[in-house]
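Contents: one structure, followed by commentary.
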Amino acid sequence: MNPIKLGIIGCGIAARDLHWPALQNLTDQFEITAVCNHTEPKAKQFAQMVGDVPYVLDYHELLRRPDVEAVDIVLPIHLNYQATKDALQAGKHVIVEKPLAANLSEAAEMVEFEDKYPQVMMVAENFRYHAVFDRVRYHLAQGKIGKPYAVFWNIFFLVDSKNKYTRTQWRVDHQYPGGFILDGGIHNIALLRHLFGDIVSGIAFTKSVNPNIGEIDSMSFQFETADGAHGMLNIFLSARGFSENRFLVLGDEGSILVEGNKILIEKEDVIELEETVETDGGYQAEFEDFYQAIRTGKNVVSSFAEAYRDLEVLINALESAKTWPHI
Ligand code: NAP
């Protein structure tokens, strides 16, 4: 099938725990030919893990390799812009982890890359490929709950010093607004936009409960979509005790509830549908999209332009928290 020769830049948690398992199922589409991490033990260990491939400590060296056609950028968020630009200038196709960039000015320049460079570029926003939400999208398109008019998404859990992500110092000393709320919340904004169209207005409340994990860790964002649906996204990452991830859509003929992998559709007090969807979170499907775009020329689902708008909505929401009107 002519696998794409892939270089991986950044050998941390996401590369190891999320991308590598997906790529192991796609050996007909991707062959990892080199990896890079600026600290040698991680580079060496990951290189051995993915098949004893060569490793380098400077990604510019990886970009000079003729046996690398495409790169998977899995670096701290504030490095996305420069690494993506360098990779495109070196003629490589790029898949870069979310969010697109650490700020809107870098993100805006990255959107221009879509016209400037002929290669494929996409953001690894796995929620745009998530099998559970693909089913929700299908049910909504089938009119299973009529016209959706409200969505409520509650995400309450504890991110403390023991969390593997908190141990990446760049997340605690984050060089982008919103800390963990931006890092994680970008998925939720992307998915909401994917299902309900653009978010056109809104206001957020933000709070820091545990200052040890960054600038803020709690947000309520009330919003409206272009189609007139109203919603509330609640992300509270210092929730002790009860935790939940509950996604509820109200339509004028019924409602859809998603908890974990389980989807329920209820109408008039009757459960009309109950299904459990197997998913890896969308990581394999995003790489398949990247492959198809490179080899067949199809457009990617998760473009830089979409990722820019995800970031803009979330950064504007964070800004709105500073200017609540008096009532
Ligand atoms: P991480 O564990 O810190 O991984 C980043 C890696 O990059 C580390 O191994 C780090 O090495 C290395 N690195 C830092 N600067 C470098 C440089 N200049 N050149 C080469 N290597 C360098 O972080 P992560 O959790 O994997 O996150 C990485 C990216 O994945 C972020 O964009 C994040 O938003 C995204 N992510 C996405 C998901 C998802 O579900 N889609 C989940 C998690 C993360 P050292 O540790 O030795 O400094």
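Any chance you could count how many residues in region 110-149 are surrounded by 15 or more Cβ atoms within 10 Å (Cβ to Cβ) and farther than 18 Å from residue 190 by Cβ? Qualifying residue count, region 110-149: 8.
When the test is whether a residue is of a type in the set (A, V, I, L, M), free of Cβ contacts under 8 Å to residues at least 12 places away in the same chain and more than 16 Å from the ligand (Cβ to nearest atom), residue 150 does not pass it. Please tell me if residue 135 is touching a helix residue (DSSP H, G or I) at 6+ places or on another chain (Cβ under 7 Å) and assigned to a helix (DSSP H, G or I). Judged against the criteria, residue 135 is not a match. Taking first residues from region 61-80 that are outside any strand (DSSP E or B) and partners that are of a type in the set (S, T, N, Q), the Cβ contacts under 7 Å between residues at least 6 apart in sequence or on separate chains come to 67/33; 68/33; 78/175.
Residues in region 93-115 that are more than 15 Å from the ligand (Cβ to nearest atom) and touching a residue at least 12 places away in the same chain (Cβ under 8 Å): 7 in all. Cβ-Cβ contacts under 8 Å between residues 6 or more apart (or on different chains), taken from a first residue in region 11-24 that is more than 14 Å from residue 126 (Cα to Cα) to a second residue that is in a helix (DSSP H, G or I) and among the charged types (D, E, K, R), are listed as 11/42; 12/42.
With the structure loaded, tell me whether residue 34 is within 15 Å of the ligand (Cβ to nearest atom), modelled with pLDDT of 95 or more, within 18 Å of residue 291 (Cα to Cα) and not in a helix (DSSP H, G or I) or whether it fails that test. Steps first, please.
Numbers: within 15 Å of the ligand (Cβ to nearest atom): yes; modelled with pLDDT of 95 or more: yes; within 18 Å of residue 291 (Cα to Cα): yes; not in a helix (DSSP H, G or I): yes.
Yes: the conditions hold for residue 34.
Taken over region 87-109, the criterion of being surrounded by fewer than 19 Cβ atoms within 10 Å (Cβ to Cβ) and over 22 Å from residue 171 (Cα atoms) is satisfied by 89, 90, 91, 108, 109.
If the requirement is being within 16 Å of the ligand (Cβ to nearest atom) and touching a Gly at 6+ places or on another chain (Cβ under 6 Å), which of these qualifies: 79, 62? Among 79, 62, only 62 is within 16 Å of the ligand (Cβ to nearest atom) and touching a Gly at 6+ places or on another chain (Cβ under 6 Å).
Of all residues in region 154-171, which are away from the ligand (no atom under 11 Å from the Cβ) and either free of Cβ contacts under 8 Å to residues at least 60 places away in the same chain or assigned to a helix (DSSP H, G or I) (or both)?
161, 162
The values are calculated or read from the model by the stated rules, or taken from the named source; none is laboratory data. This is a predicted model, so every value here is computed, not measured. Heads up, the Cβs are rebuilt from the backbone with ideal geometry, glycines too, and the neighbour counts pull from every protein chain shown.
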